[in-house]
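The values are calculated or read from the model by the stated rules, or taken from the named source; none is laboratory data. As the structure is a prediction and not an experimental result, all values here were calculated from the model. Backbone-built Cβ (ideal geometry, glycine too); neighbour counts: all protein chains shown.
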Amino acid sequence: MSDTWKSASAYVTGRGHLTKNIPCQDRTFELVSKHSTGVFYGLSLADGAGSYKLSDIGAEIVTKEILTYLKSNFSNLLQVKNTSKKIINNIEEQLAKEAKNREIDIKELSSTLLFVVIKNDKFIVGHIGDGVIGVLDKDNKISVLSHPDNGEYSNSTFFTTTDSYPDRLRIIKGNIVDSTGFILMSDGSDESLYDSRTKELAPVNAEIINWLNVGSSKEVKSALESNLNEIIKHKTHDDCSLGILKKC
Amino acid sequence: MSNNLMVLRERDLIENPTTRLPVCLCLDSSYSMNGAPINELNKGVQYFFDAIKTDEIARYSVELAVVSFNSEAETISDFSSVDRQTITLLEADGATSMGEGVELALDLLEQRKREFSNKGVDYYQPWLVLMSDGGPTDNISTAVRRVQELSSKKKLTVFSVAIGDNADITVLKQFSSMKNNLVLKVKSAEHFKEFFEWLSQSVSVASQSVPGDKPSLPPTPPVIEIEL
């Protein structure tokens with residue numbers, strides 16, 4: 001029998017966006033789907049590109065579409081070698097459709113993308129751009145699974161629409177053996193939770209994931225929102241988001 | 001469960017160093033700047049440093065260096081926090097070794113970037129602000145090539161600034177990384193304050209940019225002309 005997982009996520013508008021009256025461009029999405037072949041658990045997070053006014057729409061689309069696509073194609077994507085290309089094609093298709101409907105350039109919908117999906121103790125993790133994906137092991141030790149992928153400069157990164165996109169989607173897949181939790185964060189949150197000098201996550205990330213051991217998903221979502229609003233966003237000008245997934 | 005138990009404490013969070021924006025002023029201090037121009041330039045530079053110091057964000061993000069060039073190029077102030085810097089007044093004398101000055105400025109910027117990388121400090125694309133009232137008296141070909149290489153790779157932003165009517169616009173355009181290689185022209189020395197006021201506002205905007213941002217700089221004041 002496969003393990004049961006719980007998730008929670010939240011996103012808040014950064015101080016810089018509040019000042020400029022720009023909407024929050026971070027998004028998160030969670031999806032649990034029961035099927036006769038097993039339960040699918042998905043968590044995704046995206047940070048819309050600051051220079052594009054509709055990037056919040058793009059972030060919303062990719063967070064939802066990626067999980068919907070992975071839910072339907074999980075077994076196949078686990079087996080094929082060109083997982084990255086298949087996922088890319090799907091996302092580009094969804095974004096292109098939206099861009100056509102709105103009569104805008106697809107780049108207007110640019111965002112980063114981070115996701116983790118699990119089914120029958122197998123996982124697929126993917127990451128484009130900045131932000132961090134962390135993993136918790138059975139000894140309650142937190143470590144980085146995927147580091148931020150920036151350009152040289154702090155205000156540059158890679159997006160879902162970047163021309164070199166195929167090389168920028170990092171995919172990790174395999175079996176869940178010792179892992180008991182995951183955390184996804186945008187670059188606004190990683191300013192407080194990820195040490196850019198040592199390239200390590202703060203130990204408190206383990207504590208955050210473990211909130212799902214003791215609180216309901218709704219309670220934890222509320223706690224994530226409060227902490228993002230009351231402490232984490234005050235250490236950055238950027239929007240902040242967090243998503244966590246925990247074996248329970 | 002009570003949400004009271006799900007509260008992060010300040011001490012549990014990481015104190016990452018502030019992302020830095022290195023800005024190097026490369027200033028003409030040749031003899032033709034003698035008198036009012038050099039005096040006003042000195043006041044303008046001091047105003048710029050003071051403006052950065054009083055900006056809550058730029059103060060901790062922007063790092064400034066000053067290079068001057070006349071018969072030789074000289075580092076007037078190497079990169080450091082503005083709080084720790086005192087500015088030596090420039091004196092006008094000698095020729096216009098612009099090529100040497102720009103190369104020294106580029107060397108300082110490269111060195112600072114290496115130091116940031118070694119210490120795990122994030123940084124923005126560096127800025128070079130080149131100001132001259134004349135034309136170069138040395139060979140500028142290497143300096144131009146280096147600047148253009150960096151600019152084309154989006155590794156450097158260069159503002160070329162002409163002082164008065166005798167500045168060699170053709171030369172300054174070769175260094176500019178702005179759209180259409182435009183050159184900013186300060187009509188006369190008395191307008192340096194307005195220029196540095198605009199520059200400090202621009203630096204402040206750039207030091208708050210986030211990934212994907214194309215910082216929208218404030219419009220230049222009327223006393224600054226655009227030379228296309």
Review point. Residue A:145: in contact with a His (Cβ under 9 Å, 6 or more places away or on another chain), more than 10 Å from chain B (Cβ to nearest Cβ) and not charged (D, E, K, R), yes or no?
Key: yes
Check your understanding: Which ranges mark the strands (runs of 3 or more DSSP E) fully within region B:1-100 that have 1 or more residues being out of contact with any Ser or Thr (no Cβ under 7 Å at 6 or more places or on another chain) and within 13 Å of chain A (Cβ to nearest Cβ)?
Key -> B:21-28
Study note, to complete from the structure: When (1) away from every other protein chain (no Cβ under 14 Å); (2) without any contact (Cβ under 8 Å) to a residue 24 or more places away in the chain; (3) surrounded by 15 or more Cβ atoms within 10 Å (Cβ to Cβ) are applied to residue A:184, the one that fails is (2)
Study note, to complete from the structure: Checked region A:208-231 for anything surrounded by fewer than 17 Cβ atoms within 10 Å (Cβ to Cβ) and not in a helix (DSSP H, G or I); matches are A:216
**Study point:** Single residue of region B:111-142 satisfying the filter (within 14 Å of another protein chain (Cβ to nearest Cβ) and in contact with a helix residue (DSSP H, G or I) (Cβ under 9 Å, 6 or more places away or on another chain)) that is nearest to residue B:24 (Cα to Cα)
**Key:** B:127
Exercise for review: Test residue B:225 against the criterion of being at pLDDT below 95 and under 17 Å from the mean Cα position of the chain (by Cα), and give yes or no.
Suggested key: no
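With the condition being closer than 25 Å to residue A:135 by Cβ and out of contact with any Leu (no Cβ under 8 Å at 6 or more places or on another chain), I'd like the strands (runs of 3 or more DSSP E) fully within region A:1-92 carrying at least 1 qualifying residues. Give the derivation first.
Values: elements: A:5-12, A:26-35, A:38-47.
In region A:1-92, the matching strands (runs of 3 or more DSSP E) lie at A:26-35, A:38-47.
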**Study point:** Flag if residue A:176 is touching a Lys or Arg at 6+ places or on another chain (Cβ under 8 Å), surrounded by 15 or more Cβ atoms within 10 Å (Cβ to Cβ) and more than 10 Å from every other protein chain (Cβ to nearest Cβ)
**Key:** yes
